[in-house]
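Nothing in this text is a laboratory measurement; each read-out follows from the coordinates by a stated rule. Computed from a prediction, not measured in an experiment: that's the story for all the values here. No Cβ is skipped: glycine too gets one built from the backbone with ideal geometry, and neighbour counts run over all protein chains shown.
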Amino acid sequence: MKDINPIKMSEQEIKAKVIELRKELIKLNAQAATGTTPRNPRQIKTTKKNIARLLTAMTAKELNK
């Protein structure tokens, strides 16, 4: 998911991607809570970081207006 480049994305695309990643994070947390092993154990951590990257980029874009 490192291929996410929020600088080139519009605010609407960033918001849509954040919503998508949050849904994925809910699924991953549910898997972890029930005891099933996720496909990639670091996926929860990287998903959280990607959400933070997108939100940071969105805030920066709002401040640059």
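Quick look at the numbers
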quantity: Within segment 7-38, considering residues that are out of contact with any helix residue (DSSP H, G or I) (no Cβ under 9 Å at 6 or more places or on another chain) and of a type in the set (Lys, Arg), the one nearest to residue 63 (Cα to Cα); calculated: 8
quantity: Enumeration of residues in segment 24-48 that are basic (Lys, Arg) and surrounded by 10 or more Cβ atoms within 10 Å (Cβ to Cβ); calculated: 27, 45, 48
quantity: All positions within segment 10-23 that are surrounded by fewer than 14 Cβ atoms within 10 Å (Cβ to Cβ), of a type outside the set (Lys, Arg) and assigned to a helix (DSSP H, G or I); calculated: 11, 12, 13, 16, 19, 20
